[in-house]
Structure formats: structure tokens, C-alpha cells
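Enquirer: Got a structure for you, questions after.
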Amino acid sequence: MPSGRAAERLRRLLVVVPYVVQHPGVRLQELAHAFDSDEGALMEDLNLLFVSGLPPYGPGDLIDVQIEDGRVWIDMADYFSRPMRMSRSEALALYLQGKALLGTPGLPEAGALQAALSKLEEHLGPETLGRLAGRVETTEEGAPAETLGLLRQASEEHERVEIEYYSASSEETAARVIEPEAVFAALGNWYVVAWDLMAEGERMFRADRVRSARSTGDRFEPRGLAGAGRPLYSRSEEDVPVTLLLGPGARWVAEYYETESVAERDDGRLEVVIPTKRLPFLARLVVSLGDQATVMDPPRLRRAVREVAERSLARYRGARSDTSR
């Protein structure tokens, strides 16, 4: 079985199984609709559970699935009733991931997540967390949260949305009509994967850069665009490979952005190759990194960096002269 399909089936089972356990006897048709799945594919997934369990594979060691008259029941194996025990390192990893998610703007489940993290803090204790405890706060509700809520609902209901979007790469705001198929959080931001009707292609948008959004009332047929777990950069033939040397204070760039290669140098710096469609955006990034980033290639990016730095310096000098009058 291809790894991509196996991962997709696993993700589906991880949410379908708890749902069926909480809704015994749910209709297969209703289950398929709830999880936007084909009934045949869902039956194949459920059949996998018949052989799932732990040695010695006795009656209490296997998951029991019953499908009768179009209804589904799942009885979990005995070991699922045992309290889950995590190691300290596992609990700490879960705590840190939860904290990162808690700081994401517009998270509707922030209250429940905060309560769960507070319990983890209590059990981990100050000797494990040190200064980490309580350092990440939830973001405030408001327009960004409302926009995110609209985009998530449109994704679930397959409804077209008209947005005003600010592109950091071009520094322009433009109106677009999109068909959002997935909304997910990664690296502290929310992303929307959609089909852009104007560009006639797949695009990924940062939700916090959506200036406004409204539903059009028009429905669309999903194309099956990949959501969570996908790279945050969509490769294309327009890509230009950029080679940078990153100091200790800029190593995060290699983790945050899509890279073609990453190599550790003897002087402690990282040599990374980053694909980009827009050099001006990368030029501004390099300027913001200061002496922690050096452009190796291409030469035109070095020129762009110099131009951005000169413009920034000119604006700074102009601002100083205005305040000194």
C-alpha cells in the first residue's frame, strides 16, 4: 500500500473510531457523510480493525467491529480501558506542542486546550518546566478569529469565498475568489489551501493576511487538495534556487522555509538552498536577519538585498530628520 494512502487511512481511522464508540449504531451512510468519505473506502478502513490488537490476540485483545443493516458498532479491546501513561519526555513534548498551538491566532478550542495544559503543568512540575510554564498566552478574539471561523466553515461546507489578501512577497493586496478545501495550523500560523479561480490553480494562503472574507453562497466540488502535513511552500517551474549562509541566530530559517538542501559547515553556519518564486520577498528576509545571513547565490539577490537595505536606511534617515525639526 502506498505510504500516502496508508497515512490518509490512518488519519481517518483515528477520528472515525472515537466517533463510532461515542455514537454506537451510527448509520454507515451518515458516517461517510460526516467524514467526507466514500462508503466503500470507509468499509475497507473498518475491516482493517478486525485484525487490530495485541498478542496473544485473544477475545479481549482485539477490536470488535460490527456492521449490520447499514449500522456500525465498535467495541474497543480491553487495553484501551487502561489509563494512558506517558514518560516525562513524552508529556513535555505534548505540552510544548500544545503551547505552540495555543499561541495560534483564532483557535476556537483555546479554552479547552488551556485547561488541559494547566493539568499537564501541574503534573510536570516546576523542576521540569522551569521558566516555560505559563509563557504562552492565548490570542484575543476579534476580526482575525471571525475570518478564520468563516474560512473553516467554508472549507467544511465546500463554499466559495471572496477574500482580500495581502501578499508578503509582492507587498500587494488583491481581491480573489477561492474554493477553500483545508484549513490547518502549522508553525504558529493558520493556512488555507484553496483553488484560486483567478489564477486557475492551487494556492496556499496565510489566514492572518486575509484582510476580509465573505461567503458567495456558491458551492464547489472538492479537488482533494492536501491539507495538514503538506509542505508550506508549493514548488513550481518558476522557482529560483537561492543559496544562503545562516548564522546561529538565523538557523530557524532552515526549519521554517522549504529547502532543497541543508549542510552544516565547519564554522558553525548552515548552508541552505531555498526555492523561491519572488526574490524581493527573500531580499527583505535577508535584510531583517542582519549579519546572520549571507547571500551566496544568485548575484541578483545580492543586488536586491543592497537595494532594500539602502531604501530602509533612506527611510530611517528621513524619519530622524522629521523628528529633529
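The values are calculated or read from the model by the stated rules, or taken from the named source; none is laboratory data. The model shown is predicted, which means the values in this text are computed figures rather than measured ones. Positions of Cβ are backbone-derived with ideal geometry, glycine not excepted, and every protein chain shown enters the neighbour counts. Please note that ligands, DNA and RNA were not included when accessible areas were found on the heavy atoms of the full protein model with its side chains. Shrake-Rupley method; radii C 1.70, N 1.55, O 1.52, S 1.80 Å.
Enquirer: If you scan the stretch 90-110, which residues turn out to be of a type outside the set (A, V, I, L, M), open to solvent by 50 Å² or more (accessible area, probe 1.4 Å) and modelled with pLDDT of 75 or more?
Expert: The answer is GLU90, and nothing else.
Enquirer: Mind listing just one residue for me: the one in the stretch 180-225 that is part of a loop (DSSP other than H, G, I, E, B) and in contact (Cβ under 8 Å) with a residue 60 or more places away in the chain and, of those, least open to solvent (accessible area, probe 1.4 Å)?
Expert: PHE220
Enquirer: List pairs: first in the stretch 152-168 and over 11 Å from ALA194 (Cβ atoms), second of a type in the set (Asp, Glu) and surrounded by 15 or more Cβ atoms within 10 Å (Cβ to Cβ), Cβ under 7 Å, 6+ apart or cross-chain?
Expert: The qualifying pairs do not exist here.
Enquirer: Answer yes if at least one residue in the stretch 223-238 is in contact with a Lys or Arg (Cβ under 6 Å, 6 or more places away or on another chain) and at pLDDT below 85, and no otherwise.
Expert: Within the stretch 223-238, the subset in contact with a Lys or Arg (Cβ under 6 Å, 6 or more places away or on another chain) is 238.
Then drop every residue that is not at pLDDT below 85, which leaves 238.
For the stretch 223-238, residues in contact with a Lys or Arg (Cβ under 6 Å, 6 or more places away or on another chain) and at pLDDT below 85: present.
Enquirer: Moving on to the next point. Please work out which residue is farthest from GLU157 (Cα to Cα), limiting yourself to the stretch 187-223 and to residues that are in contact with a helix residue (DSSP H, G or I) (Cβ under 9 Å, 6 or more places away or on another chain) and of a type in the set (A, V, I, L, M).
Expert: Checking each candidate, the answer is LEU187.
Enquirer: Filter the stretch 76-87 for residues that are modelled with pLDDT of 70 or more and among the basic types (Lys, Arg) and give the result.
Expert: Our first condition is that a residue be modelled with pLDDT of 70 or more; within the stretch 76-87, this holds for 85-87.
Listed by number, the list holds a single entry, ARG85.
Enquirer: Tell me which residues, restricted to the stretch 14-37, are small (Gly, Ala, Ser) and over 25 Å from ALA182 (Cα atoms).
Expert: Selection gives GLY25 alone.
Enquirer: If VAL177 satisfies all but one of (1) at pLDDT below 90; (2) open to solvent by 30 Å² or more (accessible area, probe 1.4 Å), what's the number of the condition it fails?
Expert: Only one criterion in (1) at pLDDT below 90; (2) open to solvent by 30 Å² or more (accessible area, probe 1.4 Å) is unmet by VAL177, namely (1).
To keep it simple, each residue is scored yes or no on (1) open to solvent by 90 Å² or more (accessible area, probe 1.4 Å); (2) part of a helix (DSSP H, G or I); (3) modelled with pLDDT of 80 or more.
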{"site": "MET296", "(1), (2), (3)": "no, no, yes"}
{"site": "ARG302", "(1), (2), (3)": "yes, yes, yes"}
{"site": "ARG306", "(1), (2), (3)": "yes, yes, yes"}
{"site": "ARG315", "(1), (2), (3)": "yes, yes, no"}
{"site": "SER321", "(1), (2), (3)": "no, yes, no"}
{"site": "ARG325", "(1), (2), (3)": "yes, no, no"}
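Enquirer: Kindly indicate the residue of the stretch 54-75 that is assigned to a loop (DSSP other than H, G, I, E, B) and at pLDDT 65 or above and also least open to solvent (accessible area, probe 1.4 Å) among those meeting that condition.
Expert: This residue is ILE63.
Enquirer: While we're looking at this one, here's another question. Considering only residues that are in a helix (DSSP H, G or I) and of a type in the set (Val, Ile, Thr), look in the stretch 284-294 and name the one that is most open to solvent (accessible area, probe 1.4 Å).
Expert: Kept after step one, since they are in a helix (DSSP H, G or I), are these residues of the stretch 284-294: 284-292.
Retained after the next criterion (residues that are of a type in the set (Val, Ile, Thr)): 286-287.
Details: VAL286: 7, VAL287: 48 Å².
The residue in question is VAL287.
Enquirer: Of a type in the set (Gly, Ala, Ser), part of a helix (DSSP H, G or I), modelled with pLDDT of 70 or more and closer than 18 Å to TRP190 by Cα: is that true of SER118 in this structure?
Expert: no
Enquirer: Do you know which of the residues in the stretch 21-30 that are in a helix (DSSP H, G or I) and out of contact with any helix residue (DSSP H, G or I) (no Cβ under 7 Å at 6 or more places or on another chain) is least open to solvent (accessible area, probe 1.4 Å)?
Expert: Selected residue: VAL21.
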